[in-house]
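Q: One structure is given below, represented as structure tokens, and several questions about it will come after.
The values are calculated or read from the model by the stated rules, or taken from the named source; none is laboratory data. As the structure is a computational prediction, the values presented were derived from the model and not from experiment. Reconstructed Cβ throughout: ideal geometry from the backbone, glycine too, with neighbour counts over all protein chains shown.
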Amino acid sequence: MRISVEVNDRVHEAEVEPRTLLSDFLRHDCGLTGTHVGCEHGVCGACTVQLDGAPVRSCLLLAVQADGRSVRTVEGLEWGPLHEAFHRHHALQCGFCTSGILMSVEPLVGRGPLSRGQIAEALSGNLCRCTGYVQIVDAVEEALRGGE
């Protein structure tokens, strides 16, 4: 099938098999390897991207479902308060889960403060085997306050 997907503000057109996963399209057809593939069952959150502004698991969507839509990957995020806070709080270790976490919480930035429980809920679909999540929640909390 021929699809046309806007990825990080650039249109990508390709012939794909109907069964091609969005994660595979992004990694192989678009060359955007920041979208990681972990469990391939939608459990770990490493493959999270934003589809029309909402976080989704790209390993659970077919590329044809994104036809005519807008996708943003971690490569499309501009350096800002969220990145700065992650850096300041050492909120990553190996980094495998980080792109999915950033794509999950980035839509929250600018919405104002949330409780730590609400932040934890927003992160609940992202598994990190290296941290205890404390630094991640601290970083998100700081970014939501505007980088204070």
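Q: Can you say whether residue 57 is of a type outside the set (A, V, I, L, M) and more than 20 Å from residue 144 (Cα to Cα), as far as the supplied structure shows?
A: Values: of a type outside the set (A, V, I, L, M): yes; more than 20 Å from residue 144 (Cα to Cα): yes.
So residue 57 passes the test.
Q: Another question, if that's okay. For region 49-83, how many residues are of a type in the set (D, E, K, R), over 16 Å from residue 33 (Cα atoms) and at pLDDT 95 or above? Walk me through it before giving the result.
A: Pass one, region 49-83, residues of a type in the set (D, E, K, R): 52, 57, 67, 69, 72, 75, 78.
The next check asks that each one be over 16 Å from residue 33 (Cα atoms); those that pass are 52, 67, 69, 78.
After this cut, where a residue has to be at pLDDT 95 or above as well, the list is 52, 67, 69.
The qualifying residues number 3.
Q: Out of all the residues in region 84-103, is one or more crowded, with 22+ Cβ neighbours inside 10 Å, in contact with a Pro (Cβ under 9 Å, 6 or more places away or on another chain) and either in contact (Cβ under 8 Å) with a residue 12 or more places away in the chain or under 18 Å from residue 134 (Cα atoms) (or both)?
A: Checking region 84-103: at least one residue is crowded, with 22+ Cβ neighbours inside 10 Å, in contact with a Pro (Cβ under 9 Å, 6 or more places away or on another chain) and either in contact (Cβ under 8 Å) with a residue 12 or more places away in the chain or under 18 Å from residue 134 (Cα atoms) (or both).
Q: Identify the residue in region 104-122 that is in a loop (DSSP other than H, G, I, E, B) and not basic (Lys, Arg) and, among all such residues, is nearest to residue 1 (Cα to Cα). Break it down into steps so the answer makes sense when it comes.
A: Going residue by residue through region 104-122, those that are in a loop (DSSP other than H, G, I, E, B) are 109-115.
Filter once more, so that each one left must be not basic (Lys, Arg): 109-110, 112-115.
Values: 109: 36, 110: 38, 112: 42, 113: 43, 114: 42, 115: 44 Å.
Among those residues, the one meeting the criterion is 109.
Q: Any residue in region 106-119 that is loosely packed, with under 14 Cβ neighbours inside 10 Å, under 17 Å from the mean Cα position of the chain (by Cα) and closer than 24 Å to residue 26 by Cβ?
A: No: zero hits.
Q: Another one. Among the residues in region 57-66, are any among the aliphatic types (A, V, I, L, M), in a loop (DSSP other than H, G, I, E, B) and not assigned by TED's automatic domain parsing to the domain that holds residue 21? So that I can check it myself, show each step before the final result.
A: Of all residues in region 57-66, those among the aliphatic types (A, V, I, L, M) come to 60-64, 66.
Filter again for in a loop (DSSP other than H, G, I, E, B), leaving 60-61.
Those still in the list that are not assigned by TED's automatic domain parsing to the domain that holds residue 21 too: none.
No: zero hits.
Q: It is to be established whether one or more residues within region 126-139 are among the aromatic types (Phe, Trp, Tyr) and without any contact (Cβ under 8 Å) to a residue 40 or more places away in the chain. I'd like the intermediate steps shown before the answer.
A: The first filter runs over region 126-139 and keeps only residues among the aromatic types (Phe, Trp, Tyr), leaving 133.
Right, trim to without any contact (Cβ under 8 Å) to a residue 40 or more places away in the chain and you get 133.
Scanning region 126-139 turns up at least one residue that is among the aromatic types (Phe, Trp, Tyr) and without any contact (Cβ under 8 Å) to a residue 40 or more places away in the chain.
Q: Name the residues in region 81-103 that are closer than 10 Å to residue 142 by Cα, part of a helix (DSSP H, G or I) and of a type outside the set (D, E, K, R), would you?
A: Within region 81-103, 81, 82, 85, 86 meet the criteria.
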